[in-house]
Structures are given as structure tokens and as C-alpha cells.
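Heads up: the structure comes next, in C-alpha cells.
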Ligand SMILES: Cc1cc2nc3c(=O)[nH]c(=O)nc-3n(C[C@H](O)[C@H](O)[C@H](O)COP(=O)(O)OP(=O)(O)OC[C@H]3O[C@@H](n4cnc5c(N)ncnc54)[C@H](O)[C@@H]3O)c2cc1C
């Protein structure tokens, strides 16, 4: 019987697993599963707000991609995984009809979800950019607003996404000759608190301030009401729109799985297998990989590199070869990123270098190059 590999989640990690497996062999049956019919290039979501990209440009049909690599694609919600029986229960979309799929190897690549940290009113009253649907809705909300009285727009979270959203908002307003007060709110003392070097935080703050963004560091949200946001220091400010970018959490399904975890993220061994399971792997945001004091960051580079390594380790398992340990590249301790700031600028950052020349062009080149695999 042909060995069947089932990949749950077709984002950066899942797509890379399927692609690598198919590049190396035609002898496996490949099944790709996702609740969305399209792959989304998530790093470009902020640019949907300014209209620099359209949803079609930054997404691709997954069944076409699966057909191209000789895999099957199931548009379904993963509902349950029965590890002893080696089956996955899928609910068809939209009918919800359950279907059991058997696997020989399973890859969990289910990504992450937005969290609101249980802050009262935050989820109810905020817009987000964490999915294509959410970013499109946020763009519509921006389009429907009146800008005559320069309303307050709050971007919550001074990490990579929050910074990019703030930059795109400035571009959005500029293109319409409209005015709004944009506040970028960060709980920690500086923007990009997850990046060890302060130089990048200072550069980004100066750049955004010069573009009219008000940076509010050391500021935590306490509560959000219909028209008013309250901060922990007691300040209350009226708002027209809140765009929440702060924090991610494991997907609901991963939370339910009875597997070894760290704060809900799936613990994997050196070979990216779920601890104690030889035929179940996890990659990308959903996985928690740690070795020699380095922990993988939750970013595209890690999701892809883990996808490649997991696929190769599946093949090695089948051939009875010794597995190769994964070596993280873009870690929590030593992160690197290209952060778009709007106005055609981006800062390229790592612990060893930081530059802006051609930064935005490099970012767009990577995006276009990545999306080519679907065309
Ligand atoms: C706004 C934004 C900007 C970002 N910018 C950058 C950036 O500039 N650089 C960078 O490196 N990273 C960036 N990231 C992070 C990056 O997108 C993620 O790290 C990356 O997508 C992780 O890949 P993944 O395969 O683990 O998960 P994802 O790409 O999120 O894929 C997970 C897939 O699983 C599917 N899924 C989840 N649960 C189920 C279920 N129960 N049933 C069926 N399907 C399911 C989802 O539909 C999704 O397709 C950004 C993220 C966002 C939201």
C-alpha cells in the first residue's frame, strides 16, 4: 500500500512540506488539508490596508497548487486527531459533514491565532489583520470612515505587524489627502521589544514619528468600550478605529490536543517530531522547537525551513536512514526581519547588520519570488 502523508494546514510550513516531499519522490500519496481554499502571503496583509496589493495578488488557489504537485487537497476543518488509530477527522466546509482520513505520516502545520489576552472589549471592538478576511474587513472599515475631524485610530502592538500597519495607515491617509491621529501603542518601553538591539527600535520610532504617528510605549490597554479605550495608567481616549496586532496564541485545535506543549505550542524533538511519536511532525508557528539554548521564532523563514527538514526526515524514516537534526535560523534570541515602514521604505534587520537601502524592494522581491511557485 502506498504510504500516505497528511499535511494539516497549508500555510508556509505545510506548503513547504508538500513541495519538498514531491520534489524528492513520486512514490508517496500526499494529502493537503486546509480550512481555507487559498494560500495567503500573510506578511503582505498590512499592505491591503493602503491598497498597494489586492487579495488576489497575495494569495493562490490551493487545489490548483496541489494538482500541480500531484497531491490531493481537502477543503475542510480539522476537527479531531486520533493518534492511536492514525486517523484525522475532517469536517467538510460549509456542510460540516465528517470524514475520517487515515495517515501513515502526519504533519501539523496549523499556525497561530490572534489573541486579545482576555482584555474586556478588545475582541468585540477591534479590527485585526491576522487573516485575509479580517484585513479586508479592516480596509472596508477604513474606507467607510469620515476623516473630517481627524479621528483617533489606535494600532495596538508595537511589534512587526503593528509597525507595518501604522506605516500603511499613513500611506492610506496621504493618498486620500485625509487626516487622522494614528497612535501606535506598545506595552513595553520600546517598539520591537522582541528584537535585542535597541538601534532598530529607535530608528523605527524616529521614522514613524516623522510621518506623524504618535508612539505610546509603556502603555497597556485595560479595556475597550464602544467609542473609548482605557489604558492601565487610567487614561481614557475616544477612538474611531482600533486595529489589534498584539499577540498570538496556538490554534484551538492544538490547544485541544493531548500532546506535550509549552504554553500551548507543540513541543517537538530535534527532528521536528512530536515528542514520543515517530510519525507525527509539527512545523511553523504551531511548533515549539528549542535546541542549544536557541528557540525558533514564529516567522516565515522558520516555518519554511522546518517544513523542508520535516519532509526530509519523513523520507529518511521511510528509508531507514538516520534523521537529521533541525538547526534554527531565525530565532527568538537572534531574530531577523524586513520591516516595512510605508512610503516605500523598509528596514532590514539582524543582530549583525541593519540597513534600509533597497529594503522595501528586497521585501517585495521575496514576496513575488515566493508567489511564483503557485503560478
Ligand atoms: C499581519 C502579519 C504580518 C506578518 N509579517 C511577517 C513578516 O514580515 N515576516 C515573517 O517572517 N513573518 C511574518 N508574519 C508571520 C508569518 O506569517 C507566520 O510566521 C507564518 O505564516 C507561519 O507559517 P505556518 O505555516 O506555521 O502557519 P500559517 O501560514 O498561518 O498556516 C496555517 C494554516 O493552517 C490552517 N488551519 C489552522 N487551523 C485549521 C483547522 N482546524 N483546520 C484546517 N486548517 C486549519 C490555516 O487556515 C492556515 O492556512 C506575519 C503574520 C501576520 C498575521
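Overview of values
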quantity	calculated
Relative pair counts by distance (%), Cα atoms of segment 116-246, 5 Å bins	2, 10, 22, 24, 21, 14, 5, 1, 0
Relative intensity, log₁₀ I(q)/I(0), of segment 234-375 from a Debye sum that treats every alpha carbon as a point, q = 0.15 Å⁻¹	-0.93
Value of relative contact order over the chain, rounded to a whole percent, pairs C-alpha under 8 Å and six or more apart	18 percent
Cα gyration tensor shape for segment 1-134, rounded if a/c is under 1.5, else prolate or oblate	oblate
For segment 241-277 versus segment 1-65, the gap between their alpha-carbon centres in whole angstrom	19 Å
Semi-axis lengths, Å, the chain, gyration tensor of Cα atoms, sqrt of 5 times eigenvalues	37, 22, 20
Sorted by Cβ density within 10 Å, fewest first, the residues 143, 285, 130	143, 130, 285
Using a Förster distance of 35 Å, the FRET efficiency for residue 333-residue 54 (Cβ separation, nearest 0.05)	0.40
Considering only the chain, percent of DSSP beta bridges that pair antiparallel, nearest 5	55 percent
Least to most buried among 215, 229, 338 (fewest other Cβ within 10 Å first)	338, 215, 229
Length released on extending from residue 140 to residue 77, taking residue separation times 0.36 nm less the Cα-Cα span	20.0 nm
Fully extended contour minus Cα-Cα distance, from residue 179 to residue 2, at 0.36 nm per residue	57.6 nm
Neighbour-count ranking [beta-carbon atoms within 10 angstrom, fewest first] of 252, 288, 10	252, 288, 10
Cα gyration tensor of segment 283-341 - equivalent ellipsoid semi-axes, whole Å, descending	25, 12, 8
Tensor-based shape of segment 318-375 (alpha-carbon gyration tensor, a/c under 1.5 rounded, otherwise prolate or oblate)	oblate
Semi-axes of the equivalent ellipsoid for segment 84-148, Cα gyration tensor, largest first, Å	37, 15, 11
DSSP-defined beta bridges in segment 116-246 - what % are antiparallel, rounded to 5	30 percent
Prolate/oblate/rounded call for segment 207-251, Cα gyration tensor, a/c under 1.5 rounded	oblate
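Values in this text are rule-based calculations from the coordinates and carry no lab data. Here the structure is a predicted model, which means the values were calculated and not measured. Here the Cβ is made from the backbone with ideal geometry for all residues, glycine too, and neighbour counts use every protein chain on show.
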